[in-house]
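Below is one structure, written out as structure tokens; comments come after it.
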Amino acid sequence: MMMIRITLCVIFILVGAWTGMFYAGRLSSRKRALGELMRGLQLFKNEIYYTRERLEKAAARAGRASDGASAGFFEYFAGMLHERSEEGAGHVWEDAARGYFGRGNILNEKDIEALSAMGQRLGSTDIKGQMENIERTLKELSIRYTDAGSMEAQKGKVYRTAGVAGGILCAVLIV
């Protein structure tokens, strides 16, 4: 009987610790995804400016040159743009931002709004307007990235500590 209690205590502590690490990891994932996305947007901006390619080709090249969440997003956007080119790049961009990041819950709603807002002028202005549009989005995402870093620092410790404490509390209640 005592061995079962000890085993349950260990299980509760481990589950609590794992739960805390899981939620702290989500905060880290958000920060990492925003950083990758900012680097990918910079590559996209360079592709548009230097190659003067169509947005579909520029997005595909930015996707191949990017990593992580940014690579997946730009490849997803390029594919959607290829399939739905008649709808306009701006509308497709907004749908891609919501479709790609909305399903994985990597980014929060404000992050997705900042990214999808770029679609309002994407493909509808000259090269200079595109650069300004991307720069505005980069600035907004930079603010969101800083916010993600502070949330990771503050809440990450809280989640890990609360998870272990919750597991210990359950273990104490069993004993």
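The values are calculated or read from the model by the stated rules, or taken from the named source; none is laboratory data. This is a predicted model, so every value here is computed, not measured. Here Cβ is always computed from backbone atoms with ideal geometry, including for glycine, and neighbour counts include all displayed protein chains. Heads up: the accessible areas ignore ligands, DNA and RNA and are worked out on the full protein's heavy atoms, side chains in. Shrake-Rupley method; radii C 1.70, N 1.55, O 1.52, S 1.80 Å.
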Tell me the trypsin sites (Lys or Arg not before Pro) within region 39-69 that lie in a loop according to DSSP and have at most 13 other beta-carbon atoms within 10 Å.
-> 52
Difference of contour (0.36 nm per residue) and Cα-Cα distance, residue 4 to residue 28 = 5.1 nm
On the accessible surface of the chain, probed at 1.4 Å, how many percent belong to carbon and sulfur atoms?
-> 59
Probe 1.4 Å, accessible area per residue of region 78-175, Å² = 55
